1. Name every residue in region B:418-452 that is small (Gly, Ala, Ser) and outside any helix (DSSP H, G or I), in order of residue number.
2. Pull up region B:107-120, narrow it to residues that are modelled with pLDDT of 85 or more and within 19 Å of B:Ala467 (Cβ to Cβ), then point me to the one that is farthest from the chain's Cα centre (by Cα).
3. So which residues in region B:60-75 are more than 8 Å from chain A (Cβ to nearest Cβ) and either without any contact (Cβ under 8 Å) to a residue 12 or more places away in the chain or over 23 Å from B:His339 (Cβ atoms) (or both)?
4. All but one of (1) at negative phi; (2) at the interface with another protein chain (Cβ under 10 Å from one of its Cβ atoms) hold for A:Gly173; state the number of the condition that does not hold.
5. Hey, can you tell me all the residues within region A:256-282 that are surrounded by fewer than 22 Cβ atoms within 10 Å (Cβ to Cβ) and outside any helix (DSSP H, G or I)?
6. Identify the single condition in (1) out of contact with any Asp or Glu (no Cβ under 9 Å at 6 or more places or on another chain); (2) part of a helix (DSSP H, G or I); (3) over 26 Å from B:Arg268 (Cα atoms) that B:Ala108 does not satisfy, given that it satisfies every other one.
7. Looking only at region A:107-116, count how many residues are facing chain B (nearest Cβ under 7 Å), part of a helix (DSSP H, G or I) and aliphatic (A, V, I, L, M).
Amino acid sequence: MTTLLSLVVALLLLWLALWTVVARDAFVAVAGFVVYGLLLSLVWVRLAGIDVALTEAAIGGGLTGALLLGAVGRLRGTEAAAAAERSGAGTRAFAALLSLGVTMVLALCVLALPEPAPTLAPQAADNLPATGVGNPITGVLLAFRALDTLLEAIVLVIALLAVWSLAPDRFWGGRPGPRYAADPDGVLSYLARVLPPIGIVVGLYLFWAGADHPGGKFQSATILAAMWLLVQMAGLGDAPRIDGRWLRTGIVVGPLAFVAVGLLGAWQAGAFLGFADGWAKPMIVVIELALLPTLVLVLALLLNGAPARNSGKMPAGDGGR
Amino acid sequence: MALSTGTHAGALLAAAVLLPFVGMLLGVLLGGRQVQRVALACMPLGLALALGITVAWLREGQTLVYLLGGWAPPLGIALRADGLAVAMLLAVAAVVCGIGMYARADFATPPDVRESRAAFSYWLLLMAVWGALNLVFVSGDLFTLYVALELLTFAGVPLVCLAGSGETLRAALRYMLFALCGSVLYLLGAVLLYGGYGTLDIPLLAGAVQPGAIARTALALMTAGLLAKTALFPLHIWLPPAHGGAPAAASAVLSALVIKGSWFLVLRLWLDVMPGVVTWASAQLLAGLGATAIVVGSVVALRQERLKLLVAYSTVAQIGYLFLMFPLAFDATGNVLVHGAASTGGLLQAVSHATAKAAMFMAAGLVYAALGHDRIADLAGIARALPVTVLAFVLAGIALMGVVPSGAYLAKKLLLDAADGSGQWWWTIVLQGGAAFTAAYVVLVLGSALRRRSAALMQVKRVSRLAEFAALLLAVGSLALALAALGPLPGHLVSNPLAPKELAMTLLVLVGGALLALGLSRAPLLAAPRPAAAAPAGRLRQAALALGIACEQADRLVRRWSFASIGLLTLAALFGALLLVGRAT
């Protein structure tokens, strides 16, 4: 029964992937992609990768989907021109054959992988007590491979700088996106008042549980960012000015605190990003706490986009937070 | 917890990676004019760190290692610096400092605003590129290297469109999409290797990897992906518009530095991770692409009307040059790639190119700033108006040509020796021909710049002295590399540069270059109209023009999306096939 279910899900995934690729309408393709992401997170659940499933749903399906939908909205005007561009039948057939060939080789390689798969999981489990956390994923991300996590946080900051750099010069320092004005008695305003308290609790729970159970700062940050964006879209708050001192601080506090903890490790334990005995858990909590505002802000601001106006309609100081 | 954290000076490696990133983060925090100050303060510090690493490496006489957090691979991540990494760290630090000097004039925050978009973005992204490159050089782990590639791409893309026009935005998007395709292929390969061998640490992987389906597929995919990021012909779809359209201070970063990151990674993969998986035929294909890049890139460069595009296309050609070392790096059995004369030559070539190409873009940018245009045909009189800039351009060109005395000369010598030693005479032709092509576009530009002008030259802007000297400094540095490299190199390689044989070779390259420039340039190089009696020369010129147009059309064809994306996968498939069947014995 479960094998049958797996097979059905696998076929459905393949079909959705193909659908996303061949769809000519951008909106349809994005819709296919979002559903694909959600289905993929189900697959991760079945493979007992709950952490990956949560991340896939939050980032792969949710955040990326929202970004893509925003892009589709902006591309509406060019769609007809893009659809008219079509390669010849020969080119398309060759491309399809080539892709199929590469896929076949990849599939053969996956079948040729050694059984049982060589893995570092036992080593990670053996060394986990030294980190003081119960979730091995957290151990890998914040102790064994902490450098990668630090760099990923920096990648996010760079991505945000890249988006900001697209702003017209005259709006530099201003606020991104349009100022939303929704009906104060409408359903969106209602949701924006009711959902955030729940979302914040759920987000913080995911954050705290991440030390010992599936969850963690990334998934938590996605939910918190979504709540903030909901408030903005309902017109209850405004996107922040990108030159605000507090905003800038929030954006860099995570990686900077990460580096500071790493330097503390270099002093105490003799290795950058190392932890002295007994200090691992509190230091990991410090890093996670500092990364949370960075991730919430960067994810939300990435969706907000480049600065596009100089001020909101609301009085200064009332927006954003 | 492991007690050892690697070699004594290993901590310097972590510092070299972190310094630019911390500088970037502090810049975001402080904002305004402080961004530039923080970046400029980081530069001497970073250069000092790179020098410290070099000294430590020389003193310890072995690869520097640092275990992050004290966790040993495969569980943890190690930073390592061998000779290749140390040389690249030092070169990049020097070039970043030069670019920083140059960019002070172009990317200063205007006095009437608190913070400007272009200055804020430029200095932060420059820091990010620097940190990402340092990470590429010292990382000993294939996944950390993936993160480094992402850092490099995301920092490089916005540099392309800092000017803010629609055209540069299109170039930036093109760059990003194609580079991300390359990333995906690299990541696929890394995942396959982890699935097959359970580690991503380079030395551990090198010890475990077997020439089988998994290693071959991984190497083919990763190589194709990295070539897309390096813009090796025919995957250079994004390079000319991106490097030609970006502001000069950004083009210098992109052309001199950013492409070296993915090139370096190909070197790592082929020589350090899977030297036994690589086959003779696959190395021939790689260098063959390089040779094609030299011909097409150079010919199209000679047909450009704008100086910056000429320099951008010359980068396409120079990237090809960087890949000529691979078939020359095999050991005596012809089955395993080894570090030796060829890899040293390749490295020297990369360092020479990094310094000289940065200088060339800077000079082109200064010419554009002074004249308000960079049409090659209208450069007459510029040599008199901007002598230092033109000198920097010519010295950079000489450095790239590989005539005495320059780093590229030693590089060419090492590669020529390796080609002789392994009996691969065809690469000798490519190596010498490539030098002649480089000579050609220097002659072309110089011919126009030295021409006398009838009317007074209209200068729209005074250029910064500091910027001119920054360009000159980098060009001279590229020439002086020969001196720096003489120490570690075996003495017999370097013959007296003034010996008749060497002089004749230099002359041959220059004359060949002049002839190429005469034949291939769009407008006739000699302004005086030719008498009709020169009919045979006219026919030759027509043949050369036909070749030029053919190369331009080939370039236009391969830079279409459909061709480039199909080419990417085709190359992966070709490499896979040649890795399977291409063994020499």
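The values are calculated or read from the model by the stated rules, or taken from the named source; none is laboratory data. This one's a predicted model, so the numbers in the text were calculated from it and none came from an experiment. Using ideal geometry, Cβ is built from the backbone for each residue, glycine included, and neighbour counts are taken over all protein chains shown.
1. Within region B:418-452, B:Ser422, B:Gly423 qualify.
2. Among residues in region B:107-120 that are modelled with pLDDT of 85 or more and within 19 Å of B:Ala467 (Cβ to Cβ), the one farthest from the chain's Cα centre (by Cα) is B:Ser116.
3. B:Gly61, B:Ala72
4. It fails just one condition, (1).
5. A:Ala269, A:Gly270, A:Ala276, A:Asp277, A:Gly278, A:Trp279
6. (2)
7. 2
Here's the yes/no breakdown for (1) of a type outside the set (A, V, I, L, M); (2) under 30 Å from A:Arg245 (Cβ atoms):
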position	(1), (2)
A:Leu100	no, no
A:Thr103	yes, no
A:Leu106	no, no
A:Pro114	yes, no
A:Leu120	no, no
A:Arg145	yes, no
A:Thr149	yes, yes
A:Trp164	yes, yes
